[in-house]
Amino acid sequence: MLSQDAYPTRVSNSAAILARNEPVIHDTLASQAGQLSAQQRANYEQDGFLLVPDLFNAEETGFLFDAMQGMREEFTHAGRPEVIAEPGSGEVRSIFNVHRLNDVFANLVRDPRVLNVAREILGSDVYIHQSRINYKPGFNGKEFYWHSDFETWHSEDGMPAMRALSCSILLTDNSEANGPLMLIPGSHRHYVSCMGETPDENYKKSLKKQEVGVPDDILLRYLADLGGIRTCTGKAGSVIFFDCNTMHGSNSNISPFPRSNVFFVYNSIANQLEAPRGGLAPRPEFVAAREGIKALTPAPLEID
Ligand code: 6CS
Ligand code: FE
């Protein structure tokens, strides 16, 4: 018997809004980790995201910034598939899989200030589904159009349920001027089923410019009329946690100031990837982890 897909998308030429089946905060024993205040939990539950200013101090943030710059020097021109160039300028847009390619980020994903928030919200042990640095360089950092990450991870990676979240650690100041993350409060409760069909090896284009799996104008307007649009600005060292289904995007950066953030996607150990939808070939391991999955244990960030 074919399993009924609760979140069909890219299967017709019409769009729809479907109900979310899962809770936003998975209230289990693990979720009593106590990393968040009651107000922070309430804000996350209501909006689908939470900004925590200055979670990492200036020394730690400087250390992480240097690690980010070092990765760019090491991997640019290395012909690595994990390095995604900006359309046009060819500058580095993103480097994926940083938690497996670099010891500093392998350590950072386990820092209790972020790992325990993920365990608390997802109510279970967790692992990294995907990690990346989005460099969004000055002058040439192009936009990330509106999308729900879960819509992609469900259709292209076979992620079963909405039990994952992104943690974006700001490594440069994110201001109104340099393309900060924009999110639609409350959009996480509405699953936007998108039109169109996923081309083979879509990630080779979508990581540069996403054109499939984006909401149509009418439904995007509907969500924005309901919840507005919030721009998450903050100093380097601040952190944005957002639900896998919160509608988000960011504008191009024509300022001289880079907007560089490292993103970790924590997925519940109970929500590991199945086969992609529609018979698609699985995306590469550097974009969607399937191998060697094991629960992360807390370890504080070490500055050497
Ligand atoms: O396809 C993906 O997994 C990536 N695409 C976007 C625009 N956000 C999430 C993720 O990095
Ligand atoms: Fe995204």
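Once a ≥ b ≥ c are taken as the square roots of the eigenvalues of the Cα gyration tensor of segment 37-154, is the result rounded (a/c under 1.5), prolate (a/b larger than b/c) or oblate (a/b not larger than b/c)?
Judged from the Cα gyration tensor, segment 37-154 comes out prolate (a/c at least 1.5, a/b above b/c).
Distance between the C-alpha centers of segment 233-303 and segment 118-143? Whole Å please.
3
Could you tell me which of rounded, prolate or oblate describes segment 26-279, using a ≥ b ≥ c as the square roots of the eigenvalues of the alpha-carbon gyration tensor, with rounded for a/c under 1.5 and, failing that, prolate when a/b is larger than b/c and oblate otherwise?
rounded
Pairs of alpha-carbon atoms within less than 8 angstrom and 6+ residues apart define the contacts here; what relative contact order does the chain have, in percent?
Computed over the chain, the figure is 33 percent.
If you plug each phi of segment 37-48 into the Karplus form 6.51 cos²θ - 1.76 cosθ + 1.60 with θ = phi - 60°, what whole-Hz ³J(HN,Hα) values come out, in order, with x for Gly and Pro?
So the Karplus estimates, Gly and Pro as x, are 6, 4, 5, 5, 4, 5, 5, 5, 4, 7, 8, x Hz.
Hey, what number do you get for the chain at 222 nm if only DSSP H runs of n ≥ 4 count, each worth -39500 (n - 2.57), divided across all residues, to the nearest 500?
Result for the chain, helices only: -7000 deg cm²/dmol.
Name the shape class, rounded, prolate or oblate, that the alpha-carbon gyration tensor gives for segment 151-304, where a ≥ b ≥ c are the square roots of its eigenvalues, rounded holds for a/c under 1.5, and otherwise prolate holds if a/b is larger than b/c and oblate otherwise.
Since a/c reaches 1.5 but b/c is at least a/b, the shape of segment 151-304 is classed as oblate.
Using the Cα centre as the reference, give the magnitude of the dipole from point charges on the C-beta atoms of the chain (Lys, Arg: +1; Asp, Glu: -1; all else neutral), rounded to the nearest 20 debye.
280
In the chain, what is the count of Lys pairs whose alpha carbons are under 28 Å apart, counting only pairs at least 8 residues apart or on separate chains?
For the chain, qualifying lysine pairs total 13.
Given +1 on the Cβ of Lys and Arg, -1 on the Cβ of Asp and Glu, and no further charges, what dipole in debye does segment 27-158 carry about its Cα centre, rounded to the nearest 20?
For this selection, approximately 120 debye.
All of the numbers you see were taken from the coordinates with simple rules; none came from a lab. All figures in this text were calculated on a predicted structure; none of them were measured in a lab. Neighbour counts are summed over all protein chains in view; Cβ atoms, including those assigned to glycine, are modelled from backbone coordinates with ideal geometry.
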